[in-house]
Each structure stands twice: as structure tokens, then as C-alpha cells.
Amino acid sequence: MVGIVQPMIIPVNNHGFDVVTYEGTNIAGLQIPHSLAKTPEMIWTKNRDATEHWSVYHKGLNGGTNPEQYALRLDTTAAEIDADGWWNDTAPTATAFTVGNSGNTNGFEMSMIAMLFASVDGISKVGSYTGNGTSQTITTGFQPRFLLIKKYSTSGPARGWFVLDTTRGWGSGNDNYIEINSNAAQLSHDFGAPTSTGFTITSGDGYNGSGAGYLYYAHA
């Protein structure tokens with residue numbers, strides 16, 4: 001019978017981030033309570049007992065239309081996939097998120113962990129944009145110090161999860177970046193720069209290709 005799991009909820013902070021651990025049942029429709037106090041806009045889950053992909057929900061998937069029917073893998077460069085077994089095609093709410101019967105998000109009697117993100121005015125922003133192939137400015141409402149970008153679109157080549165931060169020189173021209181999906185050392189490239197209300201991005205298929213869809217998470 002489908003039920004609501006009673007997880008161990010680890011309070012992290014009240015700044016748009018929560019961590020939840022739970023035991024999977026492999027039963028579609030399992031609801032996982034959380035203490036984010038708002039609807040998660042991005043979720044990362046990992047099966048801690050098995051070799052499974054990191055699963056990612058983001059409100060911008062599929063252009064923002066029914067994003068709960070899609071998913072990304074944090075440990076690969078792959079574009080979005082139709083993944084009804086991951087989130088049970090059910091949108092998260094301010095009190096819980098729902099998983100399907102995939103081992104990525106709901107392995108039978110396996111220890112799972114989920115990290116939940118939401119936008120907080122002046123602190124964090126979960127968003128998306130369409131590339132224009134030249135340059136553009138993205139508004140977050142604050143000056144970010146950390147930025148994560150992923151091309152989710154299936155058009156053109158797949159791209160990685162780019163991580164930029166001001167500690168390592170984001171905004172200094174040739175920006176040092178790393179990719180979450182890779183074990184490679186950091187590389188340098190001019191992605192753009194943070195502004196007082198967001199960030200600029202230059203031209204590049206991995207983060208601003210014409211007509212392609214991109215997700216991001218920014219933090220002050």
C-alpha cells in the first residue's frame with residue numbers, strides 16, 4: 001500500500017535548503033515529507049546503498065511545463081529524460097515530494113538522501129533561461145557568489161554541470177570552473193560575470209547556445 005514515509009529530517013537552515021533521509025519502498029507514489037516550508041524548486045536524490053545515478057528534479061525542465069515528468073542526472077552530461085519512475089509524474093509541494101518506483105529515488109529497503117532547494121529573496125535563486133547565442137543578462141535580484149549552470153535541452157551536444165564562484169575568480173575574465181559530473185581539474189573560460197542584480201553570460205553552447213534551454217542555481 002502506498003503510504004507516507006516517516007524520514008529523519010535534518011534541519012539545515014532557513015535559507016532555501018533542506019536535507020532529508022528516508023528508506024525506499026520501491027512503491028510508486030511514496031511521499032517524502034520535508035521541512036523546507038515552501039515548494040522545492042530543485043531536488044537532488046541519491047541511493048546510498050546502490051550504484052545509481054544522482055537524480056535531479058528542477059522546475060525549469062521541459063521549459064517549465066510538467067517538469068515533474070522529467071529528470072537529469074547530476075553525475076553525467078546527459079540532457080533531460082522522460083522519467084515517470086523517478087518523481088511519479090507528481091509535482092512537489094510545500095510539505096512533501098513524491099517518488100516513483102525507480103531505484104534512483106526509491107530503492108527497496110535502501111537508504112536514500114534528498115537535498116532540496118528553493119529561491120529565497122536576496123539569497124538564492126533557482127531559475128532557467130533560453131540561450132540566445134550571443135550574450136545576455138540573467139536577473140536573480142542579488143549579486144551571486146556561486147553559480148551552477150546545466151544545459152538540459154536535447155538540441156545539440158550534451159554539456160556538463162558548470163560551477164563558478166567568486167572565490168576562484170568568477171568575473172575576472174578567464175573564469176576558473178569545475179564540472180560536478182567530472183573528476184577533472186578546474187579549467188578556465190570566460191563565462192561572463194556577476195552583477196549587482198544577477199549575472200551576465202557570454203556565447204557558448206554549454207551555457208548560452210541559441211534556442212537551447214538552461215537551468216541554474218545561484219547563491220549570494
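The values are calculated or read from the model by the stated rules, or taken from the named source; none is laboratory data. In this text, all values refer to a predicted model and were calculated from it rather than measured experimentally. Counting neighbours? That spans all protein chains shown, and the Cβs are built from the backbone with ideal geometry, glycine included. Heavy atoms of the whole protein, side chains included, go into the accessibility calculation; ligands, DNA and RNA do not. Shrake-Rupley method; radii C 1.70, N 1.55, O 1.52, S 1.80 Å.
Suppose every K and R has +1 on its Cβ and every D and E has -1 on its Cβ; what is the size of the dipole of the chain about the Cα centre, in Debye to the nearest 20? Each step should come with its number before you reach the end.
Details: 11 positive and 18 negative charges, 89 e Å.
About 420 debye.
Residue-wise, which Karplus ³J(HN,Hα) couplings in Hz belong to the range 169-178, taking 6.51 cos²θ - 1.76 cosθ + 1.60, θ = phi - 60°, and x for glycine or proline?
Result, rounded to whole Hz: x, 4, x, 9, x, 7, 7, 6, 9, 10.
Could you work out what % of the accessible surface of the chain is carbon and sulfur, using a 1.4 angstrom probe and leaving DNA, RNA and ligands out of the count?
Numbers: 4740 of 9510 Å².
Summing carbon and sulfur atoms, their accessible area is 50 percent of the total for the chain.
Could you compute Rg(Cα) / (2.2 N^0.38 Å) for the chain, with N its residue count?
Working: Rg = 17.2 Å, N = 220, 2.2 N^0.38 = 17.1 Å.
Against the compact-globule rule of thumb, the ratio is 1.01.
Shape of the range 118-208 from its Cα gyration tensor (a ≥ b ≥ c, root eigenvalues): rounded if a/c is under 1.5, otherwise prolate when a/b > b/c, or oblate?
Numbers: a/c = 1.41, a/b = 1.17, b/c = 1.21.
Verdict is rounded for the range 118-208.
Based on the alpha-carbon gyration tensor of the range 85-157, what equivalent-ellipsoid semi-axes (square roots of 5 times the eigenvalues) come out, in whole Å, largest first? Spell out each step's value before the answer.
Values: eigenvalues 178, 68, 25 Å².
Output for the range 85-157: semi-axes of 30, 18, 11 Å.
Once you have the Kirkwood Rh of the range 21-67 from its Cα pairs, apply Stokes-Einstein at 20 °C and 1.002 mPa s and quote D in µm²/s.
Numbers: Rh = 12.7 Å.
D = 169 µm²/s.
In terms of modelled amide H atoms, which long-range or inter-chain residues lie less than 5 Å from the amide H of I180?
W161, V163
For n ≥ 4 DSSP H runs only, could you compute -39500 (n - 2.57) per run for the chain, divide by its residues and tell me the 222 nm figure to the nearest 500?
Numbers: 3 runs with 12 residues, N = 220.
Value at 222 nm, helices only, nearest 500: -1000 deg cm²/dmol.
Looking at W86, F199, T39, which one has the Cα that reaches farthest to the positive end of the dipole of the chain (charges on Cβ: Lys, Arg +1; Asp, Glu -1)?
Checked the options; the winner is F199.
With every protein chain kept in place and ligands, DNA and RNA left out, what is the accessible area per residue of the chain? Probe 1.4 Å, answer in Å². Please list the in-between numbers first.
On the way: 9510 Å² over 220 residues.
Each residue of the chain exposes 43 Å² on average to a 1.4 Å probe.
Please give me, ordered by residue number, the GluC sites (Glu not before Pro) of the range 12-54 that lie in loop per DSSP and have at most 13 other Cβ atoms within 10 Å.
none
For the range 122-220, give the magnitude of the charge dipole about the Cα centre (Cβ charges: +1 Lys/Arg, -1 Asp/Glu; no others), in debye to the nearest 20. Could you put the intermediate results ahead of the total?
Values: 6 positive and 5 negative charges, 39 e Å.
Computed about the Cα centre, the dipole is about 180 debye.
Short version: ³J(HN,Hα) in whole Hz for each residue of the range 68-84, in order, from phi by Karplus 6.51 cos²θ - 1.76 cosθ + 1.60 (θ = phi - 60°), x for Gly and Pro, what are they?
Here the 3J(HN,Hα) series is 5, 8, 10, 7, 10, 10, 5, 9, 9, 8, 4, 6, 4, 10, 6, 9, 5 Hz.
Below 20 Å, Cα to Cα, which aspartates and glutamates can K46 reach? Residues fewer than 8 away in the same chain don't count.
Straight-line reach from K46, under 20 Å: D18, E23, E68, D75, E80, D82, D84, D89, E109, E179.
Using Cα positions and a limit of under 17 Å, work out the lysines in reach of K59, with same-chain residues fewer than 8 apart set aside.
K38, K125, K150, K151
So what are the ³J(HN,Hα) numbers for the range 107-118, from phi and the Karplus equation (6.51, -1.76, 1.60; θ = phi - 60°), rounded to whole Hz, Gly and Pro as x?
Rounded to whole hertz, the list is x, 4, 6, 10, 7, 10, 9, 10, 10, 10, 10, 8.
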